[in-house]
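The values are calculated or read from the model by the stated rules, or taken from the named source; none is laboratory data. Everything numeric here is computed off the predicted structure, so don't read it as measured data. All Cβ positions, glycine included, derive from the backbone under ideal geometry; neighbour counts span all protein chains shown.
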Amino acid sequence: FCSPCDIKELFCTATGLSRYNKEELFQNVLTQVAEQFSRAFKINELKTEVTNRLAMLEKRVELEGMKVVEIEKCRSDIKKLREEMASRNSSAFYLCSSFLDDNKKLTPRRDVPSYPKYMLSQQTIDALRKPAFDVWLWESNEMLSCLEHMYHDLGLVKDLNINPITLKRWLLCIHDNYRSNPFHNFRHCFCVTQMMYSMIYLCNLQEKFTQVDILILMTAAVCHDLDHPGYNNTYQINARTELAVRYNDISPLENHHCAVAFQIFSQSDCNIFANFDPEAFKQIRQGTINLILATDMARHGEILDSFKQKVDYFDFTNEEHVTCLKMVLIKCCDISNEVRPMEVAEPWVDCLLEEYFMQSDREKAEGLPIAPFMDREKVTKPTAQIGFIKFVLIPMFETVMKLFPQIEEVMVQPLRESRDRYEELKQIDDAMNEKKKSENLTMGGKKK
């Protein structure tokens, strides 16, 4: 309610200064007060500056396709901005407490999902492209980093405008939707996807397929066993489970894997296809579903016979031929463990038998039919593997070899060696069993 003159009179009276002699001093005081108020109220300008810089950083993260290291650098920059903001405004906090309320308004609109980072060495990057890659050496976070690297290395993120942060969120969600089964788990997902990645390089598929085809191959491999319950289609159908009823006994598990995959894609934060137009998305969806459904072993003969009819005159410009090849490729990758070195492949046999035995025990308890190859009282490692390698794996890989001769040395020959090794083991087992029978007969004769 005071005028500037009144304030000046009060100031002079309170300090005992002469009004006219201290005019200059008073003006200096007013100038300093004005400057302090000016600095305090520059908070809006500072807010605008920080907001603009945060927006620029966010745009860099989302649009430039940065990899893990670059994303971490960007997050570090954001942290430094926050610290700078706090230090520059601590003296004026009483004027702007609502603006800095718990730093909520400075938090980026989209958080960058994080898992412990594994920086891939050049040795790992090179090994990752080969079928002999040891999938047992890696923890979940390391496998996630490897999968992320594959999408970047194949050029899918850059060429198809996939948001790198969405890719990370999607992979985390994929990991969380694989169950902890002995065999059909996230490591199996990684194993199949890594084999697909190695076949893309080994067969030079990027020279023959479009990038969308490569995306379909990789994504179908990642999703092909999502939420697998650990009990196969035969059990689902015989036990009349909810999945069997829902899908009318037609590939209930594979249909379920597809459904879970696209439920994940339906979440905007996990939709790596968000930048595709509707027609392109439709093509990707149909292609991914076709490949996942092809992993049902009940369709093995049908799919392989179709490919055999095309392989001698294969045409990479023929969509039907390419689709058939992609189905065979994912089948090869899905059951490719015996392609790997013995020390990598054999633990998978133990895992598979453990899952088989869990199922057969449950089938016995529920009075359901039991497959002989799943009965713990009848099956051994050699008997489980010999027929599968001889009559399923080798014929399929040798057919693919007609189109891609380069796979013989690194994929087909290891299968032949694995077959021979298991046949030798079977001979040893048979000899030991014969010896036990002979000893039992001898012991029985002595008792009489």
In this structure, is Tyr356 hydroxyl-bearing (Ser, Thr, Tyr), part of a helix (DSSP H, G or I), surrounded by 14 or more Cβ atoms within 10 Å (Cβ to Cβ) and assigned by TED's automatic domain parsing to the domain that holds Asn181? yes
Any residue at all in the range 187-202 that's over 14 Å from Cys146 (Cα atoms) and of a type in the set (S, T, N, Q)? no
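Of all residues in the range 242-267 being in a helix (DSSP H, G or I) and of a type in the set (A, V, I, L, M), which is surrounded by the most Cβ atoms within 10 Å (Cβ to Cβ)?
From the range 242-267, those in a helix (DSSP H, G or I) are 242-246, 252-265; that's our starting set.
Next cut, of a type in the set (A, V, I, L, M) only: 243-245, 253, 259-261, 264.
On the way: Leu243: 21, Ala244: 19, Val245: 12, Leu253: 25, Ala259: 17, Val260: 18, Ala261: 23, Ile264: 20.
Filtering first and then ranking leaves Leu253.
For Phe183, are the conditions met, namely being touching a residue at least 40 places away in the same chain (Cβ under 8 Å), among the aromatic types (Phe, Trp, Tyr), assigned to a helix (DSSP H, G or I) and within 23 Å of Leu352 (Cα to Cα)? Before you say what the answer is, go through the steps one by one.
Details: touching a residue at least 40 places away in the same chain (Cβ under 8 Å): yes; among the aromatic types (Phe, Trp, Tyr): yes; assigned to a helix (DSSP H, G or I): no; within 23 Å of Leu352 (Cα to Cα): yes.
No; evaluated as a whole, the condition is false for this residue.
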Which one of the conditions (1) modelled with pLDDT under 95; (2) outside any loop (DSSP other than H, G, I, E, B) does Val379 fail to meet, given that it meets all the rest? (2)
All positions within the range 190-241 that are assigned to a helix (DSSP H, G or I), closer than 27 Å to Ala371 by Cα and either not hydrophobic (A, V, I, L, M, F, W, C) or not assigned by TED's automatic domain parsing to the domain that holds Tyr151 (or both): Asn233, Thr234, Tyr235, Gln236, Asn238
Going by what's in this entry, would Ile389 be described as free of Cβ contacts under 8 Å to residues at least 60 places away in the same chain and over 32 Å from the mean Cα position of the chain (by Cα)? no
Considering the range 351-373 alone, what residues qualify as being at negative phi and free of Cβ contacts under 8 Å to residues at least 40 places away in the same chain? Leu353, Tyr356, Phe357, Ser360, Asp361, Lys364, Ala365, Ile370, Pro372, Phe373
Scanning for something outside any helix (DSSP H, G or I) and under 18 Å from Gly230 (Cβ atoms), does the range 162-177 turn up at least one residue? yes
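Test of understanding: among Ile237, Ile216, Ile292, which residue is within 14 Å of Cys189 (Cβ to Cβ), touching a helix residue (DSSP H, G or I) at 6+ places or on another chain (Cβ under 6 Å) and of a type outside the set (Ser, Thr, Tyr)?
On the way: Ile237 fails: within 14 Å of Cys189 (Cβ to Cβ); Ile216 fails: within 14 Å of Cys189 (Cβ to Cβ).
Only one candidate qualifies: Ile292.
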